[in-house]
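A short write-up of the structure that comes next.
FYI, it's all coordinate maths here, none of it is from the lab. Note that the structure is a prediction, hence the values are computed from the model and not measured. Positions of Cβ are backbone-derived with ideal geometry, glycine not excepted, and every protein chain shown enters the neighbour counts.
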Ligand SMILES: *Cc1c(COP(=O)(O)O)cnc(C)c1O
């Protein structure tokens, strides 16, 4: 490649790595930055400047190669490298249990207990009464039994693990009967038939997609049947001409043939949502009282705790699950246990749970409160006072998410942002690249933020992010 004179001159001006490191020594911001990061940053900058010059990029000029702009670039690059990749973001999607955004926000009490356990030793597997080795699950077993009414309980890494472990324990190389209408796929490639195959259980589908009757189960039972499985269709709903067999009926059938019954509740809940004006979801307590031998559900869906798979049920079943060697590979870690125990304790008082557990609070937030929050953000954004910015308050609906309450539309207040001369895609990207990132969605060529999932102390951050976009693109 032939370089012109200007390019050659620029290349000669290009600062060396040593020069940049020398400059960085005097920079107070870099006092605690490891040398390896400074070196990496300096290399990146020299490389990108060189690339710009060689490509004839007009944005690389003499001015960009002097100390001060190079040091500014260094600050940006170092900051990016030093910031953890997993970071806090602002969820303005209105989806309360957003799997991609970390599902549940922990209650303050749960986060506090997590911190205490994280920063010290604990009696994780140590029985303080006897001074001997204890069980990892004992800290949550009692409270789980207390609020669910079950005889026994244990917890693993997530609900997928709980389902796998229960199937492996109870039905390896034997048949499990499931209705065709309940062969669920959850996002992230969890499919009941696949999990079943992995566990070594043999799937026996009965009924049709929309209708399954008790006689279908009866017809399928034979000497090789290990389990009747009911799966809660947590992320979709079969409506119209439908029929399904209730858990209670399955339990009766199972006891007649001495076949255990398992229910995968998916997003299990201890709260009857219909009391709060939402759609009814089956509760864990109901499944226990209907007599299921074992019930599995997630810790971080509607429960609003940390990622976990909870198993409750009859003593003998839970005991044999605990003895399965697979348990060791799927075991829950102590930080999760700390957060889970605190979350579960809040459920002793359901009224309190709805206030203190953010997932429940966001699901049940009255419209007026969201409207107030939206009005507040509207006023903040109006203060930016830039004629290019157009903001509108719009009525839209939020979703529960997390593969739960699929038919539920929660009336909510959103803010729609448009900026003259800037596409909604660019606004979305700029908001996403903000520190901290603000995640919304695009609809009707506007950037939409749903205030249901935004916290009060995040409103000013959003305003600053929008103001920055306007400044940057002036
Ligand atoms: C979500 C879900 C699972 C998986 O739970 P994770 O905690 O995400 O592993 C399994 N079964 C059903 C029915 C679900 O809804």
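Dividing the summed helix terms, -39500 (n - 2.57) for each DSSP H run of n ≥ 4, by the number of residues in the chain produces a 222 nm estimate of -12500 deg cm²/dmol to the nearest 500. Taking Cα atoms only, the orientation of helix 67-82 departs from the longest principal axis of the chain by about 10 degrees. The order of the peptides 425-438, 445-458, 79-92 by mean Cβ neighbours within 10 Å, most packed first, is 445-458, 425-438, 79-92. Indicate the gyration tensor shape class of region 108-356 (rounded, prolate or oblate), computed on the Cα atoms with a ≥ b ≥ c the square roots of the eigenvalues: a/c under 1.5 is rounded; otherwise a/b larger than b/c is prolate and the rest oblate. Note, shape of region 108-356 comes out prolate. The DSSP beta bridges internal to the chain are antiparallel in roughly 60% of cases. If the Kirkwood radius is taken over C-alpha pairs of region 5-82, then at 10 °C and 1.306 mPa s the Stokes-Einstein diffusion coefficient equals 125 µm²/s. Between the helical axis of 459-472 and the longest alpha-carbon principal axis of the chain there is an angle of about 40 degrees. Distance between the pseudo-spin-label points of residue 328 and residue 61 (7 Å out from Cα toward the beta carbon): 6.7 nm.
Beta bridges from DSSP with both residues in region 227-353: antiparallel share about 40 percent, rounded to the nearest 5. Each semi-axis of the equivalent ellipsoid for the chain is √(5λ) with λ an eigenvalue of the Cα gyration tensor; in descending order they amount to 51, 28, 23 Å. Taking 7 Å steps out from each Cα toward its Cβ at residue 276 and residue 185 produces label points 3.1 nm apart.
Arrange the following residues from fewest to most other Cβ atoms within 10 Å of their Cβ: 414, 145. If you can, show how the numbers build up before the last one.
Values: 414 26, 145 17.
In increasing order of surrounding Cβ atoms, one gets 145, 414.
Using a 10 Å cut-off around each Cβ, can you sort 228, 106, 470, 3 from fewest to most neighbouring Cβ atoms?
In increasing order of surrounding Cβ atoms, one gets 3, 470, 106, 228.
With a Förster radius of 51 Å applied to the C-beta separation of residue 215 and residue 135, the computed FRET efficiency comes to 0.75.
Take the Cβ atoms of residue 27 and residue 241, set R0 to 56 Å, and the FRET efficiency comes out at 0.20. Would you work out if region 221-356 is rounded, prolate or oblate? Take a ≥ b ≥ c from the square roots of the eigenvalues of the alpha-carbon gyration tensor; rounded if a/c is under 1.5, else prolate when a/b is larger than b/c, oblate otherwise. Oblate shape, in that a/c is at least 1.5 and b/c is the bigger or equal ratio.
Among 25, 301, 75, what is the fewest-to-most ranking by other Cβ atoms within 10 Å?
Least crowded to most crowded, the residues run 25, 75, 301.
Expressed to the nearest 5 percent, the antiparallel share of DSSP beta bridges inside region 108-356 is 45 percent. For the pair region 377-424 / region 1-51, the C-alpha centres are spaced 42 Å from each other. To the nearest ten degrees, helix 108-118 and the longest principal axis of the Cα atoms of the chain are 80 degrees apart.
Can you compute the FRET efficiency between residue 388 and residue 429 using 1/(1 + (r/R0)^6), with r the Cβ-Cβ distance and R0 = 22 Å? Round to the nearest 0.05. According to the calculation, E is roughly 0.80.
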